[in-house]
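The values are calculated or read from the model by the stated rules, or taken from the named source; none is laboratory data. Here the structure is a predicted model, which is why all the values come from computation and not from measurement. Positions of Cβ are generated from backbone atoms using ideal geometry, with glycine treated the same way; all protein chains shown enter the neighbour counts.
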């Protein structure tokens, strides 16, 4: 079986990080994202995203390096190769430009999962994250202008994250081929 990277995609507050955290709790390997973004109160150290200064970021060896909303984001070359060597299934988060970069190198190893959500849920989640009206307007306008709500058209899979988080997690684990009752130990051996 070929090792696979499953990249979660979707607009801000679609639930990518929450889903990724749940997968990590289940024992699925995560390829972390590094960014120059300044962490906010809702950005917690969860082994999915690491924050670097711009000078530190520019010194690293990236396999994916993109700018998004004025900040750098990337996947370390070492992390990706190690994940593919040691794990049959791994997950990460990518923006559309990152998917384009990674698919040039690992087209047969990359699958994309678009996390679809409606405006009502997006706004509700942003309120819970502590966003101001100005922040919410910015994120929604950015997503509209940059076609983030249309990336489902090019994704390999679509998961609606509008009702129950458990339902979305079950859909993602089915896509990952983890439909049996796996223990974290079993998943880590994949």
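Can residue 86 be described as touching a strand residue (DSSP E or B) at 6+ places or on another chain (Cβ under 8 Å), surrounded by fewer than 18 Cβ atoms within 10 Å (Cβ to Cβ) and in contact (Cβ under 8 Å) with a residue 40 or more places away in the chain?
yes
What's the total number of residues in region 152-175 that are closer than 16 Å to residue 111 by Cα and in contact with a helix residue (DSSP H, G or I) (Cβ under 8 Å, 6 or more places away or on another chain)?
Of the residues in that region, 6 qualify.
Results for (1) within 12 Å of the chain's Cα centre (by Cα); (2) without any contact (Cβ under 8 Å) to a residue 12 or more places away in the chain; (3) surrounded by fewer than 17 Cβ atoms within 10 Å (Cβ to Cβ); (4) under 18 Å from residue 114 (Cα atoms), shown as yes or no for each residue.
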residue	(1), (2), (3), (4)
5	yes, no, no, yes
8	yes, no, no, yes
12	yes, no, no, yes
15	yes, no, no, yes
23	yes, no, no, yes
50	no, no, yes, no
56	no, yes, yes, no
59	no, yes, yes, no
74	yes, no, no, no
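Does residue 33 fit the bill of being at pLDDT 95 or above and closer than 30 Å to residue 179 by Cα?
For residue 33, the condition - at pLDDT 95 or above and closer than 30 Å to residue 179 by Cα - is not met.
Residues in region 156-164: is at least one modelled with pLDDT under 95 and in a helix (DSSP H, G or I)?
No, there is no match, as no residue in region 156-164 is modelled with pLDDT under 95 and in a helix (DSSP H, G or I).
Residue under question is residue 91, and the condition is that it be assigned to a strand (DSSP E or B), touching a strand residue (DSSP E or B) at 6+ places or on another chain (Cβ under 8 Å), without any contact (Cβ under 8 Å) to a residue 40 or more places away in the chain and surrounded by 13 or more Cβ atoms within 10 Å (Cβ to Cβ); does it hold?
The answer is no for residue 91.
Could you please let me know if residue 22 is within 24 Å of residue 124 (Cβ to Cβ), in contact with a strand residue (DSSP E or B) (Cβ under 6 Å, 6 or more places away or on another chain) and modelled with pLDDT under 95?
no
Taking residue 37 as the residue in question, decide whether it is out of contact with any helix residue (DSSP H, G or I) (no Cβ under 7 Å at 6 or more places or on another chain), crowded, with 17+ Cβ neighbours inside 10 Å and assigned to a loop (DSSP other than H, G, I, E, B).
So residue 37 passes the test.
Which residue out of 121, 96 is farther than 22 Å from residue 184 by Cα and in contact with a helix residue (DSSP H, G or I) (Cβ under 8 Å, 6 or more places away or on another chain)?
Going through 121, 96 in turn, just one is farther than 22 Å from residue 184 by Cα and in contact with a helix residue (DSSP H, G or I) (Cβ under 8 Å, 6 or more places away or on another chain): 96.
Does region 94-146 hold any residues that are under 17 Å from the mean Cα position of the chain (by Cα), in a loop (DSSP other than H, G, I, E, B) and without any contact (Cβ under 8 Å) to a residue 40 or more places away in the chain, and which are they?
Within region 94-146, no residue meets the criteria.
In the set 115, 162, 158, 127, which member is in contact with a strand residue (DSSP E or B) (Cβ under 7 Å, 6 or more places away or on another chain) and surrounded by fewer than 19 Cβ atoms within 10 Å (Cβ to Cβ)?
Just one listed residue meets the conditions, 158.
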